[in-house]
Structures are given as C-alpha cells and as structure tokens.
Amino acid sequence: MSEKILSVDSIEPVELYGVNDYKLEIIRKYFPKLKIVARGYSIKLIGEETEITRFEKKFELLIDYYHRYGVLTESSLEKLLGKHWESLLEERDENVNDVLVFGNSGLVIKAKTPNQRKMVESLLKNDMLFAIGPAGTGKTYTAVALAVRALKNKEVKRIILTRPAVEAGENLGFLPGDLKEKLDPYLQPLYDALYDMIPSDKLNQYIESKVIQIAPLAFMRGRTLDNAFVILDEAQNATEMQMKMFLTRMGSSARFIITGDTTQIDLPARQPSGLLQALRILKNTPGIAFVMLDAEDVIRHHLVKSILKRYDEFSENKKNNTNN
C-alpha cells in the first residue's frame, strides 16, 4: 500500500468537492480501490501505486477542465472520469506548457507578448532578471506569476515582494493610519496580482505564516534572502544605495526579478535612480538577464499604447528643442 498527498490550492475546495461532498462521492465511485480523504486544499490517497498514478492523471484532467471552463458539473465529472478520458487528455490545449499559473475563477495566466515570454525564458537560464518597460506591459504581473509558479512547484520556500515607499506627488505623513496603512497603497498592485492567482483564504494563510512577504524596500536591510523568489517592483524609485543593498541580499537558491519604468522616476531631482546605475554597472554580467519591454507589450486598454506613444513623441520633441 502507498500513500500520497495532492495539493489542490489552484481551485476552491467547494468547486471540486461540491456541497456536502457530492462531487467527491462521484470521484470516489470511479476509484473503488483507493481510499480518498479530502481535507481543505489537499487530498490524501491510500492504495496501490498503479491506482494512485491513474487517479493523478484523471485528477489533472479535472483541474485543467475547470480552469478552462470555470465550472465542474456532475455531468462533466462523469464524462472526464469515464472510459474516454485518455482521448480527452490528448485533446488538451497544445499551449498548456505556456501556462504560468491557473488563477482564480478559471483565470489562465500565461505570458501574452514576445517580451513577456522572453522574461519567462530568461529566468530559466539566469537567477537575476531586470524587466524594464512602461506602464501596462505586464512586467510586474508576469514576475508575480513566475514567483507563484515557483512556490507551487516547491522550487522556493517563500516569496518576497518589495517596493520603495516613494511618494509620487503625495506626502505619506498626511495619510491617515499607522505605518502599515500608510504603506499598503504603495504595495496594492502586488496584492492585486496575488489575489488573481491564489485563493484569498490560502493567500491570507501564506501572508500570516510569512511564506509570502510584502514589505517596503527599506525593510530588506540586513537580511539574507535565501530559498526565496524576490521581486523588487518600481525599482526606478530605489536610490543607488538602496539598489546595492537590495541586490546584495541575494542568498543561495534565490531568484531575483527587478522591474521598473525608467520614464517614471519619482525621486527628488538631485537623487539619482539606483536602477539606472545598476543597468550601467551590471551590463554583460553572467547570470543576470535584461528584458526591455515597450509599447507593443501593453496589454491594458488600447488607448494606453496611444498615450505612451504621444508622451514619447512629446519627450523627443522637448529634447530636440533643448539641444537646438
């Protein structure tokens, strides 16, 4: 007899087990030789190794079906678990390997543009990646998806997400609340991405247990970030000293992604950006990759591309007039 525990954190338990476990009973009917114990986000299997392997293959098909169609009905369960399951397995999307994360409510998260795919490919060959580009290019979202995938695949033990707490025309001191309440608005884009990819109660567990940590950049000082997937977002607002401090936190078995937009620097006029300095200093360093995203990678509203183009034209004209 063998035992195995499967994680089901990519789907809400009630969607898989059904109200009062009625869907789970259907699943058990097709595996009479297995003892199947479902508890929250895990399923424990007890039985012969061949039966456990057969269950895993069919279970993978159930999860794929749910994420594709956003529903798992009684009739679809009967069909997926029936005798024609092997042909259904072969008919799955050819691009399934492109999926980074199966998110909530059937959301399939994958790299959508050439440069986003380049981010994915670059991180396979390097432990540190700089992803630079304007707003809306998906650099942060793709980075968070890569981090979540690494955590789910047990490639790392924790995710650490950080941003410089730099004011963009506003003063933190005038915001109400304690330090956390003042800082949370700066970190909200990171929370938004995570809530797309991990069920809310599971995410809250990760945050409470510090498996996922979200903190301002200043809080990284003195730490060694080991066995972790670490993302520095809005890196253009890190000072030169902060950037050096952050990059040297890298421990063994760690991966770093640094994202930023060099056209949106909110530092004081006489304060150089640590991102710009790092791009110059670290160029051609083995183990560090650089991906430059542009307007063609914008996946927000189509007007965002037009807005970016107009601003680029304005900046170029201003530069030419200044030089003349």
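The values are calculated or read from the model by the stated rules, or taken from the named source; none is laboratory data. Predicted model only: the values in this text are computed from it and were never measured. Using ideal geometry, Cβ is built from the backbone for each residue, glycine included, and neighbour counts are taken over all protein chains shown. SASA here: full protein model, heavy atoms, side chains in, ligands and nucleic acids out. Shrake-Rupley method; radii C 1.70, N 1.55, O 1.52, S 1.80 Å.
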Checklist outcome for this item: Residue pairs within 9 Å by beta carbon, gap of at least six or interchain, first lying in the stretch 306-318 and in contact (Cβ under 8 Å) with a residue 60 or more places away in the chain and on the phi < 0 side of the Ramachandran plot, second assigned to a helix (DSSP H, G or I) and among the aliphatic types (A, V, I, L, M), listed first then second, are L308/A295
Checklist outcome for this item: Scanning the stretch 239-262 for residues that are surrounded by fewer than 18 Cβ atoms within 10 Å (Cβ to Cβ) and touching a residue at least 60 places away in the same chain (Cβ under 8 Å), the one nearest to A135 (Cα to Cα) turns out to be T262
Checklist entry - Does the stretch 33-47 include one or more residues that are in contact with a Lys or Arg (Cβ under 6 Å, 6 or more places away or on another chain) and modelled with pLDDT under 85? => result no
Checklist outcome for this item: Okay, helices (runs of 4 or more DSSP H) sitting entirely in the stretch 80-170 with 1 or more residues that are modelled with pLDDT under 80 and over 24 Å from D196 (Cα atoms), I get 85-90
Item to check | Given (1) closer than 29 Å to D201 by Cβ; (2) at pLDDT 85 or above; (3) open to solvent by 30 Å² or more (accessible area, probe 1.4 Å); (4) of a type outside the set (K, R), index of the condition Y65 fails | outcome: (2)
Checklist entry - Do we have K202 as within 28 Å of L107 (Cβ to Cβ) and either part of a helix (DSSP H, G or I) or modelled with pLDDT under 90 (or both) here? => result yes
Checklist entry - Which one of the conditions (1) charged (D, E, K, R); (2) modelled with pLDDT of 90 or more; (3) open to solvent by 70 Å² or more (accessible area, probe 1.4 Å) does E74 fail to meet, given that it meets all the rest? => result (2)
Checklist entry - Quick one: how many residues across the stretch 247-296 are at pLDDT 95 or above, out of contact with any Asp or Glu (no Cβ under 8 Å at 6 or more places or on another chain) and charged (D, E, K, R)? => result 1
Item to check | Hits in the stretch 275-303 - residues which are farther than 17 Å from Q116 by Cα and part of a helix (DSSP H, G or I) | outcome: L275, L276, Q277, A278, L279, R280, I281, H302, L303
Next on the checklist: I'd like to know if the stretch 304-324 contains one or more residues that are over 25 Å from the mean Cα position of the chain (by Cα), of a type in the set (V, I, T) and part of a loop (DSSP other than H, G, I, E, B).
Outcome noted: no
Checklist entry - Can you tell me which residue in the stretch 273-298 is farthest from F130 (Cα to Cα), limited to those that are surrounded by fewer than 14 Cβ atoms within 10 Å (Cβ to Cβ) and not hydroxyl-bearing (S, T, Y)? => result E296
